[in-house]
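We did not get these values from a lab; they are worked out from the coordinates using the rules stated. As the structure is a computational prediction, the values presented were derived from the model and not from experiment. Every residue, glycine among them, receives a Cβ derived from its backbone with ideal geometry; neighbour counts consider all protein chains shown.
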Amino acid sequence: MLNLAKGGLLNFTGLFYLWLCVVSSAWAFESTRPIEPSLLLLDSYAGQEEIQGWLLSEKLDGVRAYWDGKHLFSRQGKRFAVPDWFTENFPPFELDGELWLGRGQFEQTVSIVNQQQPHNGWQQLTYQIFEVPNQAGGLLQRLDVLKLYLQVFPAPYLHVIEQTTVNGREEVTSRLKEVVAAGGEGLVLRDPNTLYYAGRSARGLKVKEKQDAECMVQGYTEGEGKYQGQVGALVCEIVAGQFPELSGSQRILKIGSGLSDQERLEPPLKGSVVTFQYMGLTKNGLPRFPVYWRIRSDKSR
């Protein structure tokens, strides 16, 4: 890894390296604008993986956001109506992270970022970075590109998520309990030596007490008993890329548990993507005990 800083000041080699990163990224994105960016996705941690020496961070319960060097987009390519002052001094190269308000405040975050015009509500948010796509080296080297840039061009709403080295599985279990007890969502484990990739890989894992996945609402079943005249369950199709061993009708789920009385009266619209939680898999590879969690309002058909 290059010694980009010395004695608290950037040396000539570091400045030249930074200039190359900035210029090359600016050229790369001058004429392109993503419709649906191809981004890193996490697999699920099973507890048997060999993760000693990997990097651990908190999995923030925010809204995924991709910075293409000029504009901020959702995971599905929707451009956020973000105020100019929020992105002031953002770098001219790619970033990947979460728009975050705080633990347990996902719905409030969604309400801020989904408005059609820039507004002062963005003052409550930060853009928490866990990846600098398409830079060279392992994860820490890629994140160092951004840290170096921020030494020269401070951006008050831009933060790099802390990464710590893991000693073993017991540490992961202990840390998960701490984060969940404090209202957090879970953890992320990543192999520090893996070069940047897009898509799903076992070199990046999410760690949660419950597993989760996403499905698209196709329809509804009629409620019975106390729910007569309301929605009994959502009929959903598992989103492509998840549970690839399932096919056809196996990818259709009925999810009734977890819906509030209000959601049974006004359920998620057809075509919307919702997140459900489950407890492991059946012997046939189906999600066990699926429970509705929330609508992914940044994702739709």
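Things to note:
- Options [x] 46; [y] 19; [z] 32 - which one matches percent of Cα pairs over 32 Å apart as calculated here: [z]
- Computed over the range 40-207, Kirkwood Rh from alpha-carbon pairs, angstrom: 16.6 Å
- Model label zone, L246; criterion: amide N under 16 Å from point 7 Å along Cα-to-beta-carbon; scope the range 252-283: 252-257, 273-283
- Charge sum, other residues only, whose C-beta stays under 13 Å from L189's C-beta, Lys/Arg counted +1 and Asp/Glu -1: +1
- With 21 Å as the limit, the listed pairs K59/K283; K59/K208; K210/K254 have K59/K283 beyond it between alpha carbons.
- Distance in nm between pseudo-label sites at A202 and Q123 (7 Å out along the Cβ direction from Cα): 4.9 nm
- Nearest-0.05 FRET efficiency for Q115 and L281, computed from C-beta distance (R0 41 Å): 0.60
- Each label was represented as a point 7 Å from its Cα along the Cα-to-Cβ direction; for T194 and A136 these points are 2.2 nm apart.
- Whole-number percent relative contact order across the chain, with pairs defined as alpha carbons under 8 Å at least 6 apart: 18 percent
- Neighbour-limited loop hits for GluC sites (Glu not before Pro), the range 212-250 (at most 12 other Cβ within 10 Å; DSSP other than H, G, I, E, B): E224, E245
- Basic side chains Lys and Arg get +1 at the Cβ, acidic Asp and Glu get -1 at the Cβ, and with that the dipole of the chain about its Cα centre reaches some 340 debye.
- On Cα atoms only, tilt of 169-181 relative to the major axis of the chain in degrees: 70 degrees
- Protection-proxy order for peptides 73-81, 276-284, each taking the mean of Cβ atoms within 10 Å per residue, highest first: 73-81, 276-284
- Karplus-based coupling profile of the range 265-272, in residue order and whole Hz: 7, 10, x, x, 5, 4, x, 7, with θ = phi - 60° in 6.51 cos²θ - 1.76 cosθ + 1.60 and x standing for Gly or Pro.
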